[in-house]
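Working notes, beginning with the structure itself.
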Amino acid sequence: MNYRQAIEFLSSLIDYERWVYRNYEFKLDNFLEFLKKIGNPQGRLKRVVLITGTKGKGSTAIMLARILQAHGEQVGLYTSPHLLDYRERIRVNDRQIPAARFASILDELKPVILAHEPRITFFEALTTVAFLHFLEEETTVNVVEIGVGGRLDATNVTEPEISVITRIGYDHTKMLGKTLKRIAQEKCGVLRKGKPAIIAAQRPLVGSVIKKAVKETAARGLWLGEDFSARLIEEKIEGIRIHYRGIKMDAEFKLPVLGVHQMENAAAAIAAAEMLIPEIKEKKVHKSLADLKLPARIEIIQDRPTVILDMSHNPESAATLRKTLDRHFASYPRRILLIGITRHKPKRRIIETLAPFFNEIWITQADLPRAESKDRLLNLCRRIHPDCHPSDSVKQGVNRILDSLNEEDLLVISGSVYVAGEALEALKAREGTEV
């Protein structure tokens, strides 16, 4: 099996990331039974950190992995989804899993997967590949981002040394529940008895749910604002400077990223690192954050004209994007949004949040079964904004808009990770000319 064949086989499995949710039932029993057949690799992983939340879990995971690597750890990092290549999700010390290794693991797993009934899902198979790769690479710590929720996510078959809960809001309501209380309860499924839980700032209701869960599970809660803190010192378009006071450290750090919200994510990552590294070094933390890159998270990927790539896919993320745009980009003469959103997302709230900032909005549709129809999204947009246009594909939208922009203009691409990924492919295809 080569890499292309491996991806084809993965794609033949049930994939709740790409397909419309129908008759889904998330349980861990079947996956655990499958893992038992291959020797329970999840139980052999060294020091696992499970990261859940609605906002910032991917950013927090990347930051924590970098800090741990700077201190000499062999770090496995499992995140989702990806922009261009499935291998982005599985990394060891920031190196993607080699294509040949990815294919060989799936080749070994394929007979077991085909023989197992009910069939495991795409995400469960990919998670298994990550576990086996980390074991092969002899990772000393493994930073694992929850896919959806917490309690019943495939990654929650591990026994984390530390759990991290980033800010919780409304997302995946079809699966997790329609209330913040229910969503928070699901995400608290990552807590473990006697183990530290790093908890970011939360809405009062969510905070109450987490406090109750921490008490019931006898986890050791460490709260932003109580046990560790972060204060913004400076915010520029080049990045932010923060003052962190934690369990061991009291120091300033610079992050070359846009958005004040990244201060909370950095604080959670540093606090988790303090719990994992007995002799944590301020200089190593500083170095690991100083050249940080967070792909498609309010990322400036081109200048003159300025192009920002973001994968905001829920109202909270859209509000964060809007605040950052208001702070740094309001003076641009022409401001255009290219957006596509998946079904079952609160589309009106997302567009209403972003629309007032832009002169024009272009509506598109990713190549994805769960993508909302561009025609329905366009009709919604026209009820909110006076200047909306359709684009048959993300690539077409990127090219049409960039061909019309002057150097001082702004293009923001957002709405989902799938739109961001297709936009990145389109921009890379232009590199021989304008980009």
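At a Förster radius of 41 Å, what calculated FRET efficiency corresponds to the Cβ-Cβ distance of residue 392 and residue 218, to the nearest 0.05? Let's see the in-between values first.
Working: r = 55 Å, r/R0 = 1.33.
In this case the efficiency is close to 0.15.
Dipole of region 72-165 computed with +1 at Lys/Arg Cβ and -1 at Asp/Glu Cβ about the Cα centre; of 141, 100, 164, farthest Cα towards the positive end is 100. Here's the picture: charge each Lys and Arg Cβ at +1 and each Asp and Glu Cβ at -1 in region 209-257, and of 213, 224, 256 the one pushed furthest to the positive end of that dipole is 213. With contacts taken as Cα pairs under 8 Å at a separation of at least 6 residues, the chain carries a relative contact order of 15 percent. Taken about its Cα centre, region 3-290 carries a charge dipole of roughly 680 debye when the Cβ of each Lys and Arg holds +1 and the Cβ of each Asp and Glu holds -1. Count neighbours as other Cβ atoms within 10 Å of each site's Cβ, and list the GluC sites (Glu not before Pro) in region 281-334 that are DSSP loop with at most 14 such neighbours. Within region 281-334, no GluC sites (Glu not before Pro) qualify (loop, at most 14 other Cβ atoms within 10 Å).
Any idea what the relative contact order of region 81-186 is, in percent, if you count C-alpha pairs under 8 Å spaced at least 6 apart? Intermediate results must be reported in sequence, preceding the final value.
On the way: 64 pairs, mean separation 17.0, N = 106.
The value is 16 percent.
Taken one residue at a time, the phi angles of region 348-354 give Karplus couplings (6.51, -1.76, 1.60, θ = phi - 60°) of 4, 4, 5, 5, 4, 5, 8 Hz. Gly and Pro are set to x.
Report the label-to-label distance for residue 193 and residue 74 in nanometres (one decimal), using points 7 Å from each Cα along the Cα→Cβ vector. Inter-label distance under the simple model: 3.2 nm.
With only Lys, Arg, Asp and Glu charged, each at its Cβ (+1 for the first two, -1 for the last two), find how big the charge dipole of region 1-148 is about the Cα centre; round to the nearest 20 debye. Walk me through the numbers on the way to the answer.
Values: 19 positive and 18 negative charges, 49 e Å.
Using Cβ point charges on Lys, Arg, Asp and Glu, region 1-148 gives about 240 debye.
Assuming charge only on the beta carbon of Lys and Arg (+1) and of Asp and Glu (-1), the dipole of region 299-429 about its Cα centre is about 560 debye to the nearest 20.
The residue list 380, 270, 196 was ranked by how far each Cα lies along the charge dipole of the chain toward its positive end, using unit charges on Cβ atoms, and 196 comes out on top. Put a dot 7 Å past the Cα of residue 181, heading toward its Cβ, do the same for residue 383, and the two dots end up 3.0 nm apart. Phi angles of region 68-74 translate, via the Karplus equation with coefficients 6.51, -1.76, 1.60 and θ = phi - 60°, into HN-Hα couplings of 5, 5, 5, 9, x, 7, 8 Hz per residue; Gly and Pro are given as x. Could you tell me the distance between the Cα centroids of region 65-117 and region 332-388, to the nearest Å? After rounding, the separation between the Cα centres reads 33 Å. Here the extension length gained between residue 110 and residue 407 equals 101.8 nm, from 0.36 nm per residue of separation less the Cα-Cα distance.
Bear in mind that the values in this text are calculations on the coordinates, not laboratory data. Worth saying up front: this structure is predicted, and the values here are computed from it rather than measured. Methodologically, a virtual Cβ is constructed for each residue, glycine included, from the backbone with ideal geometry; neighbour enumeration extends over all protein chains shown.
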